[in-house]
Amino acid sequence: MSTFKQLAIIGPTASGKTALAVKVAHKLGAHILSLDSLSIYKEIDIVSAKPTVEERQGIIHFGIDHLYPNESFDVTTYIDLYTQIKEKCQKEKKNLVIVGGTSFYLKMLIEGISPRPSLTITQSGEIAHLMQSPSDTYRMLTIIDPDYMKHIEPGDTYRIHKALEIYIATGEKPSTYFASHPPTAVIREPLDIYEIVWEREVLRKRIRLRTEQMLQEGLIDEIIALENKYTRAPNCMKAIGIKETLMYLDGIYDKEILVEKIAVNTGRLAKRQVTFNNSQFENVVKGSLETLEKILL
């Protein structure tokens, strides 16, 4: 389908991305691919601010309710999803709206990733052992490959882990490996990106309001059910909104402090999201929610 069109809508949490994406999808005759590291899980509904069936307004959403909380995923999950969805859109003569709070996945779709080397069981065990002390592993890798590691923050355990995988699996420095295995872009066509911008204080108020609504909708009961079924072991149980509620259930917070902690931590996440978007994407159309609605609709 030569007329296939796609665009991306990004912005911090609670910025109104989902509602705008649904409106745009109706206008364009499009499916939606959600790039959100919590909405991808089934049964994690309230704390992820996942759009309800009613809020989806008949638009097919991908990247939502894709995995169970005890299943893991990484960027390759979204790469596979995007490839399948694009093919589906072309067959059905549909367009695609990509909407993401976790813009890292969008960045990887645009830039691509290098093929990951395979690991033996012994190598996987060695990596797990070394990652018990990420700071020590970071220092080790910095000595081995200072040029590569200078671009990784000491607390970025995801990238430290991936660098370690490459070194253990191949015996090569990560910089050498990536030089001989360059990434291949997944989205090869030009992609229009629209970013919703809010004044910081207004966004904080929106986050606070959404946090209070989550409590009213049954956030605590949802987390109790998740813990009973999956324990606290899965990575998703450490997400903002879940970890604070678990501390409330442990008696560490009262309900007022629970709301405050979730709102503050979500605000910090929003700040990181804005910083990432500003540094990683070029030629982005930025504006208020109202402005972008006028442009897109």
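Since every read-out is calculated from the coordinates, none of them should be taken as a lab result. Just so it is clear, the model here is predicted, and its values are computed rather than measured. Here the Cβ positions follow ideal geometry from the backbone for every residue, glycine too, while neighbour counts run over all protein chains shown.
For volume of the Cα convex hull per residue in Å³, computed directly from the structure shown, the correct entry in [x] 132; [y] 118; [z] 153 is [z]. Residue exposure proxy: Ile257, Ile168, Ile160, ordered by other Cβ atoms within 10 angstrom of their Cβ from fewest to most, comes out as Ile257, Ile168, Ile160.
Considering only Leu130, Leu226, Leu38, the Gaussian network model of the chain with Cα springs below 10 Å gives its largest mean-square fluctuation to Leu130. Residues in the range 17-31 near a label at Glu293, defined as backbone nitrogen under 13 Å from the 7 Å Cα→Cβ point? Zone members listed by number: 17-24. Within the listed set Gly287, Gly112, Gly63, the residue fluctuating most in the Gaussian network model of the chain (springs between alpha-carbon atoms under 10 angstrom) is Gly287. Ignoring aspartates and glutamates fewer than eight residues from Lys173 along the same chain, the ones with Cα atoms less than 16 angstrom from its Cα are Asp145, Asp147, Glu165. Within the listed set Ser175, Ser114, Ser48, the residue fluctuating most in the Gaussian network model of the chain (springs between alpha-carbon atoms under 10 angstrom) is Ser175. Using a simple spin-label model with pseudo-atoms 7 Å out from Cα toward Cβ, Glu189 and Glu282 lie 2.2 nm apart.
Compared with the alpha-carbon gap, the fully stretched path from Asn235 to Gln90 is longer by 48.7 nm at 0.36 nm per residue. With a Förster radius of 35 Å applied to the beta-carbon distance between Asn70 and Lys23, the computed FRET efficiency rounds to 0.50. Under the convention that each Lys and Arg Cβ holds +1 and each Asp and Glu Cβ holds -1, the size of the dipole of the chain around its Cα centre is about 720 debye.
A Förster distance of 45 Å, applied to the separation of the beta-carbon atoms of Ser124 and Ile60, puts the FRET efficiency at 0.75. Each label point was placed 7 Å from the Cα along the Cα-to-Cβ direction; for Ser133 and Asp147 their separation is 2.9 nm. The simple Förster model, with R0 at 41 Å and r as the Cβ-Cβ distance, assigns Asp254 and Glu43 a FRET efficiency of 0.95.
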